[in-house]
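This report concerns only the one structure given below.
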Amino acid sequence: MSCKIDAAIEEYGIDVAQPEYDDVDDYLLRRWRGDDGRPADGYRTLTDWFNKRLLKRVYDDHNRAATGVRLDGEYEALRSDDDLVRREVADDLRGEGIDVEALTASMPSWSTMRHHLKDCLDGAKPTETATSEWELESVRIAADRAAEKAEKAVGSLASKGELVDGETAEVDVDVQLTCPVCHVRTPFREAVDRGYVCREHAESRTEGDPKPIEGRTD
């Protein structure tokens, strides 16, 4: 069984810089399971890693400088909801002969990454025994269930002819936390990893102004 990730690996020649991994799939599986003695990476973290490796290959092929800061910034811009920011970077890339539409279409979503790890690679995580991780696991399970239900609903609409491209659409469910003061939104796992939703207002709360954090699922 193959998928969009397999196709991208073959088309762009995506590889792994670290010699301790056999190939991209080996890296994805080991980082997802946490086999390296480090905290396991989630679907979104692995998706971002994969897409940046893809972007770097394209930059290398077009002799475009691919420093870490530039790569991170332009990747975020290409994935941004801000049309102006996205258009500026896209126009710059087109000026160097890069097919931006084909590039972004080749980038998988986190739901595709989940499918690749679980279905294409038959991956499975070891049974979680640490009770301190139950919160993270609960949110992950809730997001997975929401995505599965949404995929079924989208498929049903497609079969009825009410959503023309529904059969090929990718469903992306993400739990985000919103700062109640400035309303900046941060992915749940990212907020947990760094210990706060919004740096500025987290600091103010530690100074004696505790406020609740709103959660939402997108």
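The values are calculated or read from the model by the stated rules, or taken from the named source; none is laboratory data. Just so we're clear, the structure is a prediction, and the values are computed from it rather than from any experiment. Cβ sites come from the backbone with ideal geometry, for glycine too, and all protein chains shown count toward neighbours.
In table form, for the structure just shown:
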| quantity | calculated |
| --- | --- |
| Options ASN51, ASN63: the member that is assigned by TED's automatic domain parsing to the domain that holds VAL24 and more than 29 Å from ARG33 (Cα to Cα) | ASN63 |
| Residues satisfying the stated conditions in the range 63-96, i.e. part of a loop (DSSP other than H, G, I, E, B) and of a type outside the set (Ser, Thr, Tyr) | ASN63, ARG64, ALA65, ALA66, ARG79, ASP81, ASP82, GLY95, GLU96 |
| Extreme residue, modelled with the lowest pLDDT, among residues of the range 124-150 that are surrounded by 11 or more Cβ atoms within 10 Å (Cβ to Cβ) and part of a loop (DSSP other than H, G, I, E, B) | GLU128 |
| Which listed residue is among the aliphatic types (A, V, I, L, M) and within 18 Å of ASP174 (Cα to Cα), from LEU54, LEU46 | LEU46 |
| Pairs where the first residue, in the range 126-146, is more than 17 Å from GLY34 (Cβ to Cβ) and the second is modelled with pLDDT under 80 and of a type in the set (S, T, N, Q), C-beta under 8 Å, 6+ apart | ALA142/THR217; ALA143/THR217; ALA146/THR217 |
| Residue list for the range 164-179, filter: surrounded by 14 or more Cβ atoms within 10 Å (Cβ to Cβ) and at pLDDT below 85 | GLY166, ALA169, GLU170, VAL171, ASP172, VAL173, ASP174 |
